[in-house]
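Colleague: Pasting a structure below so you can have a look.
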Amino acid sequence: MLTPNFLNEDINLLIISYLTGDIESERLKNLKVWIAESKENEAYFNSYKDSWLLSGVASKKNFFDKTSLWERVQSHIELKQADSLAMEPVEDTNRFNFKKILRYAALWITVFASGGIIGYVVLKNNIDPSYKTEITVPYGTKTIAKLPDGSIVYLNAGSTLSYDQNFNKKKRQLQLSGEAYFNVATNKSKPFEVFTSTLIVRATGTKFNVKAYPNESIATTTLVEGKIDIRKRSWSKENSSIELNPKQCLVYSTTKTIKKKISTSSNQKSMQYHPDNVGDKFTLYKDVKTELYTSWSQGNWVIESETLRDFAPELARRFNMQIQFKDEEIKNYTFSGTIRKETIEQLLKALKLTTPIINYKIKNDTISLELDKQLKQK
Amino acid sequence: MSYLYQSYWFKIQEGDENSLKLLFIELSQELCSYAFQLTSDRFLSEEIVQDIFIKIWDNRERLTFTKSIKAYLYKSVHNTCINVLIQRKSRKNLVNVFLSDPSTDIQEFTISPSFLEKIEVEDTEKIIDQAIQNLPPQCKTIFLLSRFEDKTNHEIAETLQIAETTVKTHIFRALDKIREALKENS
């Protein structure tokens, strides 16, 4: 490299600023001057620009559905052929077809920072094709992964996702234990199916959240965009599956657990299904605030009127701690708020401020909550 | 691979529609993705690529020998994108790469020969994927948020609670690794 070292650092930052669209015009001028100085400089710059463009091309390739794209080209060819056979000119009306549904796909595997600590992902991906790919997320962290078809999945703490080498051949099937938010790459010819221990959630291209922790008696599926249908694994195909439309949430419960409050924007009556007479049921909620079910995967985790009973297990997973209730009553207190990067101590302090009657103690990795005896008596 | 494209090209000239389809199926996604890099418009990118193939078909009898079909197609996509964007006078579409400098002439943005060389490399996508996979965790996270999730440096810095210069440094390191990987395989 012909550039002196002190300039090297700055040039590299300049190049990145330029490529990420984050450069002031003065510095841009400096960069252009540097590039113009020599062929080596130009080649150096181009090598980074090329890599940037190429990784961009790779990242968005799966946005595009080649089969449906071909259809328009084919129609044109057929029309032209008809045209040459007919006596009158035929108008090429297929030329402009703007009514396409936005297709979405993004590709990546990464690890989220939670509370400032970068967690880790256990990713077993053997070369032996008979092995499965398994992604396990421990308590205390979250992960995002890219699937071979370009779909993204956000995985919450304490979750495992797995699929085998047949994924993306005729179907896209995977197993989930825990919670995941899916952003599925559109492919109408290959249905995307999520298997939990009891349910199958099927989509072709869409955004939805599935929450099915093995030690919890309810499973919740929330649809943000697109369309999905859900059926029990034990159902034969003849049974109709339950279809979800956007902003709907399906709760599957197996026992008579205390009903979890589902927030809906209007007082829409929920529909209930009792598919088998074994005490399990599906309850469909319309017009829900989907961000309450999906925001855990983004920077701001929004919580609205959740009882501590429901909220405590989620906190436990997020921070990898155990939560003990010294007084049963505490479980009924409800909370609303937005969690970003707070530590568990900060959250508990905030809790104490808003609800002074609840005392907390942290010892090792256990949080114990109890009612303040003095305040209780008042 | 290039000999395969040559044979398609030859057959298209002779009126073989299936060869056009095969060529399209092979390359349309990456061409659309490249158009998207320049235009940031999904529908427009698709239209541009489709139109190029339609034009190829319409003018098939006049197709001439080209040393690299892929390079030809990429150049067509590139030039069409630039022309459309000039017509639309909307510089906003050339995001991330060319937008920053209002004084720059759009016409200056020709596709670089080094880029055209790199697209000829077999399995570029796999090489890039592998390079990204091998990045250290923090670096990988940042690069993917930037390139694949299209987050701005500011957004990434906010989310991960780090400085923007740190973000840029990591992106640089990631690009460096990709660059090296591509070099090794050319």
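Colleague: Could you tell me the relative contact order of chain B? Use alpha-carbon pairs under 8 Å, at least six residues apart, and round to a whole percent.
Modeller: The value is 18 percent.
Colleague: Going by how many other beta carbons lie within 10 Å of each one, how would you line up B:Phe36, A:Phe311, fewest first?
Modeller: Taking fewest neighbouring Cβ atoms as first place, the list is A:Phe311, B:Phe36.
Colleague: While we're here: As a footprinting exposure proxy, order A:Trp296, A:Trp34 by other Cβ within 10 Å, with the fewest listed first.
Modeller: A:Trp34, A:Trp296
Colleague: For region A:191-230, calculate the relative contact order in percent as a whole number, restricting contacts to Cα pairs under 8 Å that are 6 or more residues apart.
Modeller: 39 percent
Colleague: I've got another one for you. P(r) for region B:113-186, please, calculated from all Cα pair distances in 10 Å bins and given in %.
Modeller: Pairs per bin, as whole percents: 20, 47, 26, 8.
Colleague: Further, regarding this structure: May I have the convex hull volume per residue, in Å³, for the Cα set of region A:134-240?
Modeller: Hull volume normalised by residue count: 100 Å³.
Colleague: Along its three principal axes, how long is region A:8-66 when you only count alpha carbons? Whole Å, largest extent first please.
Modeller: Computed over region A:8-66, the largest-to-smallest principal extents equal 42, 24, 17 Å.
Colleague: How big is chain B by Rg and Dmax over its Cα atoms, in Å?
Modeller: Values for chain B (Cα only, Rg and Dmax): 18.6, 60 Å.
Colleague: More than 18 Å apart: what percent of Cα pairs in region A:196-241 qualify?
Modeller: Tail of P(r) above 18 Å: 32 percent of Cα pairs.
Colleague: Tilt of helix B:124-133 relative to the longest C-alpha principal axis of chain B, in degrees (0 to 90, nearest 10)?
Modeller: The angle comes out near 10 degrees.
Colleague: Counting other beta carbons within 10 Å of each residue's own, what order do B:Leu22, A:Leu244 fall into, fewest first?
Modeller: With the sparsest Cβ surroundings first, the list reads B:Leu22, A:Leu244.
Colleague: Rounded to whole Å and sorted largest first, list the principal axis extents of the Cα atoms in region A:302-378.
Modeller: Largest first, region A:302-378 extends 35, 28, 19 Å along its Cα principal axes.
Colleague: Based on DSSP H runs of at least 4 residues, each adding -39500 (n - 2.57), what is the mean residue ellipticity at 222 nm of chain B after dividing by all its residues, to the nearest 500 deg cm²/dmol?
Modeller: Value at 222 nm, helices only: -22500 deg cm²/dmol.
Bear in mind these aren't lab numbers, they're just calculated from the coordinates by the rules spelled out. This one's a predicted model, so the numbers in the text were calculated from it and none came from an experiment. All Cβ positions, glycine included, derive from the backbone under ideal geometry; neighbour counts span all protein chains shown.
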